[in-house]
Amino acid sequence: MKVVVITGSTRGIGFGLARELLRRDCGIVISGRKADRVGWAVAELAAEFGSNCIFGQPCDVTDFASVQALWDAAAKRFGRIDIWINNAGISHRQIDLAAIPSEDLQAVVNTNILGTLYGASVAMRGMRAQGGGAIYNLEGLGSDGRHMRGLNLYGMTKYAVTYLTDGLAQEAKGSGVIVGAIRPGMVLTELITAQYTGRDEDWRRMRRVFSIIASDVKDVAPWVAERVTANHRNGARIQYGGMLRILGRMITSRFGGRKSDQTP
């Protein structure tokens, strides 16, 4: 049984990945900032898969000690950790950088950059000590250097994650640890829909667009889970999506076959 720790796994793609990895006979460690959300996620999955293969541990990824405590608790529960996924991340409203409050600037940088750094550091040290493992960082908009107006801050953090991932893969050579990236593409989760809370007219306008360019967790998670558990190559980039999928959705949407049921 492979044991997988997923940060930020009480909702969205992290929760979807947890469910799909459980279906592949993995042991899963659920984590998130709020203890009640961790408890809910564990109970939800335990009802479907049983409790023996699931463990929950609250974790604030912006606090190094909290991340270390996550590793320690998971290792104590399962004995070792085979895969660590740095999934926790937050975004912000699609507005120009100068309009973003300073506290939001700090929160996005701390979660997306420091949180990934702390997770990678803790996991690398622990996996070297146990003789191997795999670390995956979640990339996203901005990871490939492309820009989108109003998402400069978020894109910058994901560009930094890509740089970190490539550097860590070089450092990992010969250590028994592999490092890779997961690029799920645009996934329609709360990370996106939260931007439209209280903006019903904007959401109605964008809903059809997202139904074409964004993917559902139920489609992305099993695809990613299958490749994460099968990969043995250092430096791998597991990427879902691409223009062919979008073109297919455009054709389907034209004939009324695909709609988003997400609400902000």
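The values are calculated or read from the model by the stated rules, or taken from the named source; none is laboratory data. All values reported here derive from a predicted model rather than from experimental measurement. Glycine also receives a Cβ, built like all others from the backbone with ideal geometry; neighbour counts cover every protein chain displayed.
With respect to the conditions (1) surrounded by fewer than 18 Cβ atoms within 10 Å (Cβ to Cβ); (2) within 20 Å of Ser143 (Cβ to Cβ); (3) at pLDDT 95 or above, Gln94 falls short on a single one, namely (3). Pairing residues of region 124-136 that are hydroxyl-bearing (Ser, Thr, Tyr) with residues that are in a helix (DSSP H, G or I), at Cβ distances under 8 Å and at least 6 apart in sequence or on separate chains, gives Tyr136/Val228. Within region 83-106, the set of residues being under 16 Å from Ala123 (Cβ atoms), in a loop (DSSP other than H, G, I, E, B) and among the hydrophobic types (A, V, I, L, M, F, W, C) comprises just one member, Ala88.
Conditions tested, residue by residue: (1) in contact with a helix residue (DSSP H, G or I) (Cβ under 7 Å, 6 or more places away or on another chain); (2) within 29 Å of Tyr163 (Cβ to Cβ).
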position	(1), (2)
Phe15	yes, yes
Arg24	yes, no
Asp60	yes, yes
Trp71	yes, yes
Asn112	yes, yes
Gly115	no, yes
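Of all the numbered requirements in (1) modelled with pLDDT under 95; (2) closer than 30 Å to Arg233 by Cβ, Phe78 misses one, and that requirement is (1). Taking residues in region 96-109 that are closer than 10 Å to Tyr154 by Cβ, and partners anywhere that are among the polar types (S, T, N, Q) and not in a helix (DSSP H, G or I), the pairs with Cβ atoms closer than 9 Å and at least 6 places apart or on different chains are Val108/Ser91.
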